[in-house]
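Comments concern the structure below.
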Amino acid sequence: MKETEFGGQWITLDARGKADVPTNPNVGFIQGDGTGPDIWAAARPVFEAAVLRAYSGERKIHWLELFAGERAAREKGAALPQETIEMIRKSVVAIKGPLTTPVGTGLRSLNVLLRQRLDLYACIRPVSYFAGIPSPVRHPEKVNMIIFRENTEDVYAGIEWESGSEEANKLAKILQEDFKVSLPAGAGIGIKPISPGATKRLVRRAIAYAIERGLPSVTLVHKGNIMKFTEGAFRKWGYELAQEEFGDRTITEADVQLRFGGRTPEGKIVIKERITDSMFQQVLLRPEEYSVIATSNLNGDYLSDAIAAQVGGLGMAPGANIGDNAAVFEATHGTAPKYAGLDKVNPGSMILSGVMMLEYMGWTEAAELIRQALGRTIKERIVTYDLARQMSGAKEVKCSEFGQHVIAFMA
Ligand code: NAP
């Protein structure tokens, strides 16, 4: 890898999609809108301190500032400049704050567009508990799940037509004449595509993740009892993929019961399946039975927020959108514009997204330092306003101060 004018060297991906990371990688960052700059300003020193401490100066990130959102629209004339897309492709790894989709751009969502342009097909949301965080459930410590949500199809395909539109009327007519399906007058119409290719690449990533981390199961979540050829097909293709590509490492839950008396054979990952509505109960009642979850877009959208709520909500929930050519890590909450510039909001989601990023880069020592230090900060009840208002005896600190405390707790 050669030195670049950006100060560092480029990360590349090997044939199996694993990141080959130099000691001084260029990593893109987008501060984002609203409170994005506040959480970025608090989180960046945490990443830098952890890398410095873990590798004694032998590794260092070279940050490349990229633009998207309101600021990009103002300064670059486009909410998502082509240059930003190209630089993320080039740097492979990027981290971002929340974005406002500027009104009047004709865009449905800037975040969705970014995922589509880079084909970031897996939305990954790990959810685990930090002791001391207020939770609505009795045993939040039993929650330790990682959700792989398909990011490009299903409702994210965005194929729909308004009630009464020419397109909706035309489609209703075709359905009536060619398929003998009659819709109620004036129905708005949406199309839900789910394909074998998109399902299999998502499930492949989920199983590979479970194998890499030695996790016990992957659960396919679907609503296939009703939507047989979309959700039901997701289930079918998920099982097929597990059998075709990971047959020696996986076993179905049914086989564990039938052939092994309920005992999982050594070294095997159990492939489970749950109907979506039942899964919402399961994650509340028996969270310890679930580890990796692979699901279609809309199920994953609902499920990831519901599971995050069990461990204290979105303020601390990290996320990543990963494809075969790039990975973008992001705070999962929005821009919280009323707090913009007040140095007030919780930077936890951004900091933990950075932990995911460091893990993706294979810089696990730095990632672990941050996770431990963040845990200690919260245990000491040093928290931002959102958590302080729910905790007794908490010491409320500003966004930037929270980051400084995390740094101070790094061993
Ligand atoms: P939001 O920005 O997530 O804020 C809703 C509420 O959540 C805030 O008022 C605040 O609650 C709490 N909150 C959010 N971030 C927090 C943090 N870091 N620390 C503590 N509390 C936090 O949702 P929204 O108001 O619906 O959306 C605002 C804008 O964000 C919209 O333009 C939307 O499109 C955009 N958005 C972007 C993304 C993204 O870029 N990934 C995601 C979602 C929304 P309290 O008021 O109770 O303190």
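Each reported figure results from applying straightforward, stated rules to the coordinates on display, with no laboratory input. Bear in mind the structure is a predicted one, so any value in this text is a computation, not a measurement. With ideal geometry, Cβ positions are generated from the backbone for all residues, glycine too; neighbour counts draw on all protein chains shown.
Which lysines, on any chain, are close to residue 395 with Cα under 19 Å apart, when same-chain ones fewer than 8 places away are left out?
Candidates past the 8-residue exclusion: 344, 379.
Near residue 255, within a Cβ-to-Cβ distance under 13 Å, what is the net charge of the other residues, with Lys and Arg +1 and Asp and Glu -1?
Values: positive: 259, 263, 268, 272; negative: 253, 273.
Its environment carries a net charge of +2.
If the elastic network links every pair of Cα atoms under 10 Å, which of 188, 232, 393 fluctuates the most in the Gaussian network model of the chain?
Result for the chain, Cα springs under 10 Å: 188 fluctuates most.
So what are the ³J(HN,Hα) numbers for the range 221-232, from phi and the Karplus equation (6.51, -1.76, 1.60; θ = phi - 60°), rounded to whole Hz, Gly and Pro as x?
10, 7, 10, x, 5, 10, 9, 5, 8, 10, 5, x
How about the range 1-82: which GluC sites (Glu not before Pro) there lie in a loop by DSSP and see at most 15 other Cβ atoms within 10 Å? Each step should come with its number before you reach the end.
Numbers: sites: 3, 5, 48, 58, 65, 70, 75; in loops: 3, 5, 58.
For GluC sites (Glu not before Pro) across the range 1-82 that sit outside H, G, I, E and B with at most 15 neighbouring Cβ atoms in 10 Å, the list reads 3, 5, 58.
Non-local amide H neighbours of residue 64 (under 5 Å, H modeled in plane, Pro and chain starts lacking H): which ones?
27, 28, 29
If you take every residue apart from residue 28 with its C-beta less than 10 Å away from the C-beta of residue 28, what net charge results, scoring Lys and Arg +1 and Asp and Glu -1? Write down the numbers at each step before the final one.
Details: positive: 89, 90, 96; negative: 65.
Every neighbour counted, the sum reads +2.
With 10 Å bins from zero, work out the P(r) of the range 231-376 over every alpha carbon pair and list the percent per bin.
9, 28, 35, 21, 5, 1
How fast does the range 1-138 diffuse by Stokes-Einstein, in µm²/s, taking the Kirkwood radius from C-alpha pairs at 37 °C and 0.692 mPa s? Walk me through the numbers on the way to the answer.
Working: Rh = 16.9 Å.
My calculation gives 194 µm²/s for D.
Loop-only check: which chymotrypsin sites (Phe, Trp or Tyr not before Pro) in the range 182-257 are DSSP coil with at most 15 other Cβ within 10 angstrom? Display every interim value, and only then the final one.
On the way: sites: 209, 229, 234, 237, 239, 246; in loops: 229.
Filter output for the range 182-257: 229.
Rounded, prolate or oblate: which one fits the range 293-411, using the alpha carbon gyration tensor with axes a ≥ b ≥ c (rounded when a/c is under 1.5, else prolate when a/b beats b/c, else oblate)?
Oblate, since a/c reaches 1.5 and b/c is not below a/b.
Give the longest segment of the chain that steers clear of trypsin sites (Lys or Arg not before Pro) in DSSP loops with at most 13 neighbouring Cβ atoms within 10 Å, not counting the sites themselves.
Values: sites that count: 2, 16, 18, 108, 138, 180, 228, 263, 389.
Counting at most 13 other Cβ atoms within 10 Å as exposed, the longest clean stretch of the chain is 264-388.
Assigning unit charges at the beta carbon (Lys, Arg +1; Asp, Glu -1) and nothing else, what dipole magnitude in debye, to the nearest 20, does the chain show about its Cα centre? Don't skip to the end; give the middle numbers.
Values: 49 positive and 49 negative charges, 135 e Å.
With Lys and Arg at +1 and Asp and Glu at -1, about 640 debye.
The range 338-408: which GluC sites (Glu not before Pro) are DSSP loop and have at most 13 other beta-carbon atoms within 10 angstrom? Don't jump to the answer; show the numbers that get you there.
Working: sites: 359, 365, 368, 380, 396, 401; in loops: 380.
Answer in residue order: 380.
Run the dipole for the range 312-391 about the Cα centre, Lys and Arg Cβ at +1, Asp and Glu Cβ at -1, nothing else charged, and hand back the magnitude in debye, nearest 20. Don't skip to the end; give the middle numbers.
Values: 7 positive and 8 negative charges, 96 e Å.
Charge dipole, the range 312-391, about its Cα centre: 460 debye, nearest 20.
From the P(r) of the chain, can you give the percent of Cα pairs sitting at distances over 41 Å?
Details: 14196 of 84255 pairs.
Beyond 41 Å sits 17 percent of the P(r) for the chain.
Across the range 365-372, in residue order, what do the Karplus-derived ³J(HN,Hα) couplings come to in whole Hz, using 6.51 cos²θ - 1.76 cosθ + 1.60 with θ = phi - 60° and x for Gly and Pro?
5, 5, 4, 5, 4, 5, 4, 4
Which whole-number percent gives the relative contact order of the chain, counting Cα pairs below 8 Å spaced six or more residues apart?
Values: 854 pairs, mean separation 94.1, N = 411.
Reported as a whole number, the value is 23 percent.
Whole percent per 5 Å bin, from 0 to the bin with the longest distance: what is P(r) over all C-alpha pairs of the range 117-267?
Distribution as computed: 2, 8, 13, 14, 15, 13, 12, 9, 6, 5, 3, 1, 0 percent.
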